[in-house]
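The values are calculated or read from the model by the stated rules, or taken from the named source; none is laboratory data. Quick caveat, the model's predicted, so the values are computed rather than measured. Every residue, glycine among them, receives a Cβ derived from its backbone with ideal geometry; neighbour counts consider all protein chains shown.
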Amino acid sequence: MNESAPYAALTPDLILNAVDSTGFRTDGRLLALNSYENRVYQVGIEDAKPIIAKFYRPARWTDEQILEEHAFTAELAEREIPAVPALRIGNSTLHAFEGYRFALYPRRGGRAPELDDPDTLEWLGRFIGRIHAVGAIAPFVHRPALDIASFGDEPRAYLLEGEWIPGELHDAYSSVIDQALAGVHDCFDRAGRVGTLRLHGDCHPGNVLWTDDGPHFVDFDDARMGPAMQDLWMLLSGDRAAMTRQLSDVLAGYEDFAELDRRELGLIEALRTLRMIHYSAWLARRWHDPAFPAAFPWFHTTKYWQDQILQLREQVAAMQEPALGPL
């Protein structure tokens, strides 16, 4: 496996042959879907609906961690919660072919949810509450936790020790990221010891597909242990008044099925800050993958880091404000 180009050998023929190796009969149709961490394709099947093939980034997750994610989504689906589980073929959901691990999924269509609609937000909150009710039953054993060390401290060190930040901005970025992480620690200290549970982990609107029957949730690849608020704050945007209204709508549905520790409201901006830091480090770590410079040409530019400095300064201020609360 070429570590600098981990998907170089993932040719169309290999993809089709991998799917064929599980017993499906592909018809040669192949459509690459929007995914960068992994590689995801819609694959045509003879005399049947297409399926989705997800090829995992080598060396990112262990087999046990991937299977734990699959077991979680299967547990949700068994309880009629609209998650999309991997297909079980030959008594396994994880398969291997010529050095690549992959899973197959049924194709599920849908559109982006309308987050300016209160009913949509309440509906989303209701289903996230159901996910969390199941997620709280037992912890993950193999998958990691979302914490300040892994989403803040370690990414900070990776960025500052590399050659990602333009020299003239290095000191300014170093200063503001330290201020931001101090603010994150303060938010967590004020919240106290909050509980953790199994999360979707990356519950942004792009991972929710909406149909006339409601939402279904896809891509649990970042599932991990963490505070419940991690799956809720990404539904909130705009100014404080807008986020207050949105939070009220989300919690109106969420708390039908799960109880939110209101101390976690003080983590919203801290979690947003950690995501910003982690995202920059993720881009840097993946820059050797040819897909990343093509998809994110603005990274590694002076403007990107200037914007990051500004946004982190805004987060420092936001974390000093009183915690957001519902109406």
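Close contacts from the range 169-191, counting a first residue that is over 18 Å from residue 311 (Cα atoms) and a second that is assigned to a helix (DSSP H, G or I) and modelled with pLDDT of 95 or more, with Cβ to Cβ under 6 Å and a gap of 6+ residues or different chains, come to 190/266; 191/263; 191/266; 191/267. Only a single criterion out of (1) in a loop (DSSP other than H, G, I, E, B); (2) among the basic types (Lys, Arg); (3) under 30 Å from residue 301 (Cα atoms) is not satisfied by residue 156, namely (1). Please go through the range 299-316 and give me each residue that is of a type outside the set (D, E, K, R), over 23 Å from residue 152 (Cβ atoms) and without any contact (Cβ under 8 Å) to a residue 24 or more places away in the chain, ordered by number. Listed by number, the list holds a single entry, 301. Pairs are defined by a Cβ separation below 7 Å, a sequence spacing of at least 6 or placement on different chains, a first member in the range 246-260 that is assigned to a loop (DSSP other than H, G, I, E, B), and a second member that is surrounded by 19 or more Cβ atoms within 10 Å (Cβ to Cβ) and among the basic types (Lys, Arg); the pairs so defined are 256/126; 257/126; 257/130. The condition (being hydroxyl-bearing (Ser, Thr, Tyr) and modelled with pLDDT of 95 or more) is satisfied by just one residue among 41, 36: 41. The set of residues in the range 197-220 that are crowded, with 21+ Cβ neighbours inside 10 Å and under 12 Å from the mean Cα position of the chain (by Cα) comprises 199, 200, 203, 208, 217, 219, 220.
Applying the criterion of being assigned to a helix (DSSP H, G or I) and in contact with a strand residue (DSSP E or B) (Cβ under 9 Å, 6 or more places away or on another chain) to the residues of the range 28-67, the residue that is surrounded by the most Cβ atoms within 10 Å (Cβ to Cβ) is 66. Across the range 7-22, the qualifying residues are those that are among the β-branched types (Val, Ile, Thr) and not in a helix (DSSP H, G or I), and the one among them that is surrounded by the most Cβ atoms within 10 Å (Cβ to Cβ) is 22. Among the residues here, residue 244 does not qualify as over 20 Å from residue 115 (Cβ atoms), modelled with pLDDT of 95 or more and over 14 Å from the mean Cα position of the chain (by Cα).
Of all residue pairs spaced 6 or more apart or on separate chains, those with beta-carbon atoms under 6 Å, a first member in the range 77-98 that is on the phi < 0 side of the Ramachandran plot and outside the structural domain of residue 257 (by TED's automatic domain parsing) and a second member that is part of a loop (DSSP other than H, G, I, E, B) and among the β-branched types (Val, Ile, Thr) are 84/218; 86/93; 89/22; 95/22. Apart from one condition, residue 126 fits all of (1) crowded, with 17+ Cβ neighbours inside 10 Å; (2) closer than 18 Å to residue 226 by Cβ; (3) of a type in the set (D, E, K, R); the exception is (2).
Only one of 247, 260, 197, 235 is over 30 Å from residue 61 (Cβ atoms) and not polar (S, T, N, Q). Can you tell me which?
Numbers: 260 fails: over 30 Å from residue 61 (Cβ atoms); 197 fails: over 30 Å from residue 61 (Cβ atoms); 235 fails: over 30 Å from residue 61 (Cβ atoms).
Checking each option against the conditions leaves just 247.
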